[in-house]
Amino acid sequence: MIENDPEVFISEDDIAKRIQTLAQAITQDYQGSELVVICILKGGFCFCADLIRKIELPLNVEFLAVTAQNDLGISGAGMKVAKDINVSIKGKHVLLVEGIVNSDHRLNQLLKFINSKGPLSLKVATLLFKPANLSEQVHIDYMGFEIDQSFVVGKGLDYLGRYRELSYIGKLNADQ
Ligand code: IMP
Ligand code: MG
């Protein structure tokens with residue numbers, strides 16, 4: 001119901017404009033090359049779908065799913081690969097696409113895992129970045145928006161499996 005929808009944190013329009021800008025930068029940076037885009041499931045799927053439709057390069061899309069420790073983002077020790085990519089990326093330019101990178105995210109483990117497959121280059125694009133309380137250094141090449149510690153949903157991001165379908169980034173109210 002409308003009255004229960006999360007409040008708008010980043011509008012659909014602002015997201016679309018930002019994605020267009022990121023896609024232009026990616027198109028320029030990889031001019032003359034082919035790209036393998038690795039979409040990290042599930043949170044990256046909406047951003048990835050929007051981004052690849054604005055990138056003007058020949059590209060392949062692969063999907064990589066890793067297990068989360070729990071749905072609220074509390075991570076523990078290792079990262080488990082639930083679904084690996086299906087092609088060889090040896091000698092290829094690879095762009096990892098995430099929905100959100102936050103303090104307890106396993107971005108560096110993902111990069112280590114992908115790097116072990118021997119790509120020619122590996123860069124990172126994320127729609128959202130939560131730098132607060134970051135426990136280790138992370139490098140992001142293409143960032144949509146830097147946000148505070150708010151828990152957000154929409155554009156592929158969920159709360160207990162819900163709200164991924166929202167076309168904007170929303171913030172949940174206390175009663176949601
Ligand atoms: P997913 O649960 O497979 O969609 O992966 C999304 C990742 O983002 C998980 O590691 C979540 O725990 C993490 N995450 C961090 N902050 C947020 C947030 O504010 N909303 C939704 N997911 C978040
Ligand atoms: Mg989640």
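Identify, please: which residue in segment 22-37 is closer than 20 Å to Ile85 by Cα and out of contact with any Cys (no Cβ under 9 Å at 6 or more places or on another chain) and is, among those, farthest from ligand 2 (Cβ to nearest atom)? Write out each step before concluding.
Taking segment 22-37 as the starting set, the residues that turn out to be closer than 20 Å to Ile85 by Cα are 34-37.
Those still in the list that are out of contact with any Cys (no Cβ under 9 Å at 6 or more places or on another chain) too: 34-36.
On the way: Glu34: 31, Leu35: 26, Val36: 24 Å.
Among them, the one singled out is Glu34.
Leu51 satisfies every condition listed in (1) crowded, with 17+ Cβ neighbours inside 10 Å; (2) over 22 Å from Arg106 (Cβ atoms); (3) aliphatic (A, V, I, L, M) except (2). If only residues of segment 122-157 that are more than 27 Å from Leu35 (Cβ to Cβ), open to solvent by less than 40 Å² (accessible area, probe 1.4 Å) and not polar (S, T, N, Q) are counted, the one that is farthest from ligand 2 (Cβ to nearest atom) is Ala132.
When only residues in segment 7-48 that are among the aromatic types (Phe, Trp, Tyr) and under 11 Å from Glu98 (Cα atoms) count, which is least open to solvent (accessible area, probe 1.4 Å)?
By that ranking, first place goes to Phe47.
The values are calculated or read from the model by the stated rules, or taken from the named source; none is laboratory data. Here the structure is a predicted model, which is why all the values come from computation and not from measurement. Positions of Cβ are backbone-derived with ideal geometry, glycine not excepted, and every protein chain shown enters the neighbour counts. Only protein heavy atoms, including side chains, enter the accessible area calculation; ligands, DNA and RNA are left aside. Shrake-Rupley method; radii C 1.70, N 1.55, O 1.52, S 1.80 Å.
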